[in-house]
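Have a look at the structure below before the remarks.
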Amino acid sequence: MNTAEGPKRPPGRMFDVGLAVVLALGIVFTAFMFMTSWGGTAWLFGTAVSVVVSAVALFRARFKALTAVAGLVLTAGAVTVSRIAGDDLPQEPAPATALALSVLVGSAIRTLPAGGAAAIAVGGVAVTVAFWLEGLSGVASAATLAMTAALVLGPVLRLLDRRALATPREPQESWAHPPHS
């Protein structure tokens with residue numbers, strides 16, 4: 001290893017660490033808020049869903065399509081269960097679930113072939129529409145904002161990735177590798 005260049009880390013690892021911290025804090029905060037406002041065990045369902053969808057989002061690097069579909073199915077199932085339960089459960093998705101789902105959808109749009117990316121995007125829109133079937137709420141608004149960010153940033157990052165691959169990169173200069181004149 002050339003110590004002048006620093007250690008080689010897989011791209012995205014720091015993003016995943018930051019995402020894990022944000023998701024964990026979001027899950028804990030949401031569970032606390034549910035415990036203090038709803039009482040009883042109403043917080044357990046949303047917390048379990050958030051933990052599972054967040055874990056799926058953190059494992060997205062190896063199986064982009066599978067994790068995106070799993071996140072969509074889990075979130076749609078949670079929304080359905082919370083609608084059926086009515087006032088016994090808080091409205092889904094919880095903020096951490098919405099964030100994790102948007103990361104899954106945006107990542108899939110960025111990296112999957114066009115057909116798969118389009119299918120995941122349509123699934124993301126469908127799940128977002130399901131949030132609104134329960135009525136106007138801050139939960140649905142926040143989840144819609146997160147999904148909108150995924151639907152915008154996914155294609156933008158896809159385009160930037162393609163441009164970066166099409167443009168040859170110059171070798172970086174350093175004191176160990178001075179420029180050739």
Next on the checklist: Name the residue that is nearest to W132 (Cα to Cα), counting only residues in region 47-93 that are of a type in the set (D, E) and touching a helix residue (DSSP H, G or I) at 6+ places or on another chain (Cβ under 9 Å).
Outcome noted: E92
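Listed here are the residues, each with its yes/no results for (1) at pLDDT below 90; (2) over 14 Å from the mean Cα position of the chain (by Cα); (3) not in a helix (DSSP H, G or I).
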| residue | (1), (2), (3) |
| --- | --- |
| E5 | yes, yes, yes |
| P11 | yes, yes, yes |
| L23 | no, no, no |
| F32 | no, yes, no |
| T67 | no, no, no |
Checklist entry - Listed residues V28, V79; which is surrounded by 11 or more Cβ atoms within 10 Å (Cβ to Cβ), under 25 Å from S107 (Cβ atoms), touching a Phe, Trp or Tyr at 6+ places or on another chain (Cβ under 9 Å) and modelled with pLDDT of 90 or more? => result V79
Checklist entry - Cβ-Cβ below 6 Å, separation at least six or inter-chain, first residue in region 27-39 and touching a residue at least 60 places away in the same chain (Cβ under 8 Å) and closer than 12 Å to P90 by Cα, second aliphatic (A, V, I, L, M) and surrounded by 19 or more Cβ atoms within 10 Å (Cβ to Cβ): which pairs? => result T30/A94
Next on the checklist: Among the residues in region 90-103, are any touching a residue at least 24 places away in the same chain (Cβ under 8 Å), acidic (D, E) and surrounded by fewer than 19 Cβ atoms within 10 Å (Cβ to Cβ)?
Outcome noted: no
Checklist outcome for this item: Matching residues in region 40-68 (closer than 13 Å to A94 by Cβ, hydrophobic (A, V, I, L, M, F, W, C) and touching a residue at least 24 places away in the same chain (Cβ under 8 Å)) number 6
Item to check | Out of A78, A94, A146, sole residue that is in contact with an Asp or Glu (Cβ under 7 Å, 6 or more places away or on another chain) and closer than 16 Å to L23 by Cβ | outcome: A78
Item to check | Filter result (at pLDDT 95 or above and either of a type in the set (F, W, Y) or buried (at least 19 other Cβ atoms within 10 Å of the Cβ) (or both)) within region 48-61 | outcome: V49, S50, V53, S54, V56, A57
Item to check | Pairs with Cβ under 6 Å, 6+ apart, first in region 139-151 and touching a residue at least 24 places away in the same chain (Cβ under 8 Å), second surrounded by 16 or more Cβ atoms within 10 Å (Cβ to Cβ) and outside any helix (DSSP H, G or I) | outcome: V139/Q91; A143/P93
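The values are calculated or read from the model by the stated rules, or taken from the named source; none is laboratory data. Everything numeric in this text was worked out from a predicted model, so none of it was measured. Every residue, glycine as well, gets a Cβ built from its backbone with ideal geometry; the counts of neighbours run over all protein chains shown.
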